[in-house]
């Protein structure tokens, strides 16, 4: 498996040497404070995640959830970031979720919650408008596509909370940044990101 050896602690971008922040994060820090991605998105991960995400191979999802949960437990022991009060999967719009039958981020978050005893609250973050798939869009188009796409229907449950956003892959970080910004505006104390894999 292509395990991360060294990466930016802020956005999990693979680096030649460990660093608190990469150059991109120093110049334009994302709204989330830390990112965990134990794997690099290359073979065989680049085959496993699509099989789970698009083809209903939930046994692969359970394996990926286990790997992420183990990495998260190790991460929390190192005190790199605050222990999250809640896990929130990145939501899909209800139409797309109905087409696919499940949200892969929610499946991962529930698996991590079972393994770590952290609480998963998927209902606290919603995708309020249907957007184009991010795949194939450049960074600027991704930002425009997701602007205002998320909302927090019950912000009182987020006040002062440390949150971990769960997703399968971080590519440009635009989706996770937009969701994080929405959570922080709703009153969250901090947001960190936990993903299975990070693209180089």
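Readers should treat all values here as calculations from the given coordinates under stated rules, not as data from a laboratory. Everything numeric here is computed off the predicted structure, so don't read it as measured data. Cβ sites come from the backbone with ideal geometry, for glycine too, and all protein chains shown count toward neighbours.
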Q. When only C-alpha pairs under 8 Å and at least 6 residues apart count, what is the relative contact order of the stretch 53-132, in percent?
A. 39 percent
Q) For the stretch 1-81, what is the convex hull (Cα atoms) projected area averaged across all directions, in square nanometres? A) 5.9 nm²
(Q) Relative contact order for the stretch 29-198: what percent, with Cα pairs under 8 Å and sequence separation of 6 or more? (A) 32 percent
Q | 222 nm mean residue ellipticity, helices alone, for the chain (DSSP H n ≥ 4; -39,500 (n - 2.57); rounded to 500) | A | -11500 deg cm²/dmol
Q) What is the gain in length, in nm to one decimal, between residue 151 and residue 21 on full extension, counting 0.36 nm per residue of separation less the C-alpha to C-alpha distance? A) 44.0 nm
Q. Which residue, 171, 116, 182, has the most motion in a Gaussian network model of the chain that connects Cα atoms within less than 10 Å?
A. 116
(Q) So if each residue of separation counts as 0.36 nm, and I subtract the Cα-Cα distance between residue 63 and residue 95, what length gain in nm does that give? (A) 8.8 nm
**Q.** Ranking of 174, 191 by count of other Cβ atoms within 10 Å, fewest first
**A.** 174, 191
Q. Based on the mean of other beta carbon atoms within 10 Å per residue, what is the order of 35-47, 11-23, 101-113, most packed first?
A. 101-113, 35-47, 11-23
Q: Choose one answer from 129, 24, 62: the residue with the largest mean-square fluctuation in a GNM of the chain with alpha-carbon springs under 10 Å.
A: 24
